[in-house]
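Asks: I have a structure here, written as structure tokens, and I will follow up with some questions on it.
Here, each number is a calculation from the coordinates, and none is a lab measurement. Note that the coordinates shown come from a computational prediction; the quantities given were computed from them, not determined experimentally. As a convention, Cβ positions derive from the backbone with ideal geometry for all residues, glycine included, and neighbour counts pool all protein chains shown.
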Amino acid sequence: MAANSRTRRWSSEAHAMNETKLCVCVCYRNYALRRVRDAFKANRNVEDPKAVERLMEEGWQTLALIQRQQTVTKLSETQRKFFSCLSASFSGRFQRA
Amino acid sequence: MEFGSGFKYCIIHPFSSGSLESIPAVLGQFWNRQLTRPQRFRTVGRKLIKKHEQDEPRPLYMDFQATTPMDPRVLDAMLPYQVNYYGNPHSRTHAYGWESESAMETARKQQVADLIGADPREIVFTSGATESNNMAIKGVARFYKAKKRHVITTQTEHKCVLDSCRILESEGFDVTYLPVQNNGLLDLELLEASIRTDTSLVSVMTVNNEIGTIRFMRSQICRSKGVFFHTDAAQAVGKIPISISDWKIDLMSISGHKIYGPKGVGALYVRRRPRVRLEPIQNGGGQERGLRSGTVPTPLAVGLGAACSIAQEEMEYDHQRVSMLANRLVQKVMSEIPDVIMNGDPEQRYPGCINLSFAYVEGESLLMALKDVALSSGSACTSASLEPSYVLRAIGADEDLAHSSIRFGIGRFTTEEEIDYTAEKCIEQVHRLREMSPLWEMSQEGIDLKSINWTQH
């Protein structure tokens, strides 16, 4: 059970981190990466099953939100932000800011 | 996919000129699926960028006091109400109205009111903090004008507050503009001494938008003297903890676009116990308890609510991060450049608003030199004028230092790289401008510039 919970947490975190790397706007991308990482770190030691379930649900909802917002942001793309070349190192797949 | 050099705006823009004949061609390609889905999105999006701007990168954004980018979570909350749930929240007869009203009331009750510790019936949605300030100041003063004709404010308030007071003066009210100390703080003894028997309202902003000073708010002075206390909390809400009961606030203005929410929405807190009465400025169908008639824009209200809710959750995290970034910027700049003054109190301040004066350098020149960074020398509403900020004048800054000030705004989305880049560029450009400055040269030679008698010739 504990192993399943850890696996699900790792999976949720990995999915969220991968999606944030695809964020179009560099300022949102950096914030999302940092916030997701810090949120998982802060809740790493939560053991109560109900709390874990709630946090996991929040995590999946946040992931869905990031995916929706990526689509919306691409609809009104702007030119590259000045700093995008430095921040692109966060993402192996993302080619444009 | 390129459409020719004459194509400057996206063709789906309703008012773009000279492009109507191209619409069928592009729509045909969409419909015929000649473009892939990502290509279609990129094509449409790219055409919104003007041609001459495509190769020019956008500057870093360091002006969070002027406005803030909308948090994606706020936009996600708003979109359904922009697209699908478009009912009028004041329509009582069908489901479109009910669902819209439900969303608006959720935003009012569980989000905006919760953030400041208010009752939901005390929250009135407005078009922004400017309207809220106008409503509070003019509304309260006019309602109680039979017996109370005196209003108190400070010299460093936002323009909308000062202008509202000016209008009251033209209507025959007495207005006292209290001076502030050199650190931007208000002397509470002076405030207490200024209150008269016919004072109806005291208006003091919580966090100053230009120098970031936090006014001391835990004061019983106004409540003990039976005077209403209004505060413009546009820069404070969601950034520092606010309790309207502890601070004995009777009216509070809230702005949506200062807390990563949408532009065009705000709120006014109007206390019910003891009741604050005010004369409405906008009359009509009696919405918002008759205080602000007009259809409440449901998507914007939902956005404001989402922004308040996110701010409440993220306040501590954002505050720690903004403080860290602000210290990083200030230490970098002040350790490398001599003769830099931070305006405002160094302790009682919101860390995300840093106003620095660089001696011997003209502020507008430095702004132009830092063209890669979006900065400001004062408030956005006075940015069109080349006059130095009236706030800096009010805190007693020298004329030359007032001309040399730059405001750095740090927010939720600011990164360490942006701070480092801004600091390095600022240091480089200040050194460059000072090398060109005869005043800097004279000061290096030990000449006291204040002793010079400048004459015209």
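Asks: Compute the Cα gyration tensor for chain B, then decide on rounded, prolate or oblate, letting a ≥ b ≥ c be the square roots of its eigenvalues: rounded whenever a/c is under 1.5, prolate when a/b is larger than b/c in the other cases, and oblate in all that remain. Write down the numbers at each step before the final one.
Replies: Numbers: a/c = 1.96, a/b = 1.04, b/c = 1.88.
Taking the square roots of the gyration eigenvalues as a ≥ b ≥ c, chain B is oblate.
Asks: Output the pairs from B:LYS371/B:LYS425; B:LYS138/B:LYS159; B:LYS147/B:LYS225; B:LYS225/B:LYS248; B:LYS239/B:LYS425 with a Cα-Cα distance over 21 Å in this structure; if there are none, say none.
Replies: Flagged as over cut-off: B:LYS239/B:LYS425.
Asks: A further question on this structure: Rounded to the nearest 5, what % of DSSP beta bridges with both residues in chain B are antiparallel? Don't skip to the end; give the middle numbers.
Replies: Numbers: 20 of 37 bridges.
Of the beta bridges lying entirely in chain B, close to 55 percent run antiparallel.
Asks: While we're looking at this one, here's another question. Loop-only check: which trypsin sites (Lys or Arg not before Pro) in the range B:58-108 are DSSP coil with at most 10 other Cβ within 10 angstrom? Can you show the working numbers first?
Replies: Values: sites: B:ARG73, B:ARG92, B:ARG108; in loops: B:ARG92.
Sites meeting the loop and neighbour criteria: B:ARG92.
Asks: If you don't mind, another one. By its C-alpha gyration tensor, with a ≥ b ≥ c as the square roots of the eigenvalues, how is the range B:272-317 shaped: rounded for a/c under 1.5, else prolate for a/b larger than b/c, else oblate?
Replies: Numbers: a/c = 4.17, a/b = 1.67, b/c = 2.50.
Verdict is oblate for the range B:272-317.
Asks: Right, next: In nm, give the distance between the simple-model label positions of B:GLN155 and B:ASN327, each being 7 Å from the Cα along the Cα-to-Cβ direction.
Replies: Result: 3.4 nm between the two label points.
Asks: Show me, for the range B:106-118, the HN-Hα J-couplings you get by feeding each phi into the Karplus relation (A = 6.51, B = -1.76, C = 1.60, θ = phi - 60°), rounded to Hz, glycine and proline as x.
Replies: Taking θ as phi minus 60°, the curve returns 4, 4, 5, 7, 8, 10, 5, 5, 4, 5, 9, x, 10 Hz for the range B:106-118.
Asks: If you don't mind, there's one more thing I want to ask. Using Cβ counts within 10 Å as a stand-in for footprinting exposure, how do B:HIS257, B:HIS230 rank, fewest first? Display every interim value, and only then the final one.
Replies: Numbers: B:HIS257 22, B:HIS230 30.
Listed from fewest to most nearby Cβ atoms, that is B:HIS257, B:HIS230.
Asks: A follow-up question, please. Taking only C-alpha pairs under 8 Å that are 6+ residues apart, what is the relative contact order of the range B:72-310 in percent?
Replies: Numbers: 476 pairs, mean separation 67.1, N = 239.
The normalised contact order for the range B:72-310 reaches 28 percent.
Asks: Continuing with the same structure: Ranking B:TYR260, B:TYR317, B:TYR360 by Cβ neighbours within 10 Å, fewest first, what do you get?
Replies: Numbers: B:TYR260 28, B:TYR317 15, B:TYR360 21.
So the residues, fewest neighbours to most, are B:TYR317, B:TYR360, B:TYR260.
Asks: Let me ask something else about it. Scaled to the compact-protein estimate 2.2 N^0.38 Å, what is the alpha-carbon radius of gyration of the range B:315-442, rounded to two decimal places? Walk me through the numbers before you get to the answer.
Replies: Details: Rg = 14.2 Å, N = 128, 2.2 N^0.38 = 13.9 Å.
Rounded to two decimals, the normalised Rg is 1.02.
Asks: Take every DSSP beta bridge whose two residues both sit in the range B:72-310, then give the antiparallel share in percent to the nearest 5. Provide the component values of the computation, followed by the final result.
Replies: Values: 10 of 25 bridges.
Just about 40 percent of them are antiparallel.
Asks: From the square roots a ≥ b ≥ c of the eigenvalues of the alpha-carbon gyration tensor of the range B:73-172, which class results: rounded (a/c under 1.5), prolate (a/b over b/c), or oblate? Could you put the intermediate results ahead of the total?
Replies: Details: a/c = 2.62, a/b = 2.24, b/c = 1.17.
Prolate shape, in that a/c is at least 1.5 and a/b is the bigger ratio.
Asks: How do A:ASP38, B:ASP114 line up, fewest other C-beta atoms within 10 Å first? Intermediate values should be presented prior to the final figure.
Replies: Values: A:ASP38 12, B:ASP114 15.
Starting with the residue having the fewest Cβ neighbours, the order is A:ASP38, B:ASP114.
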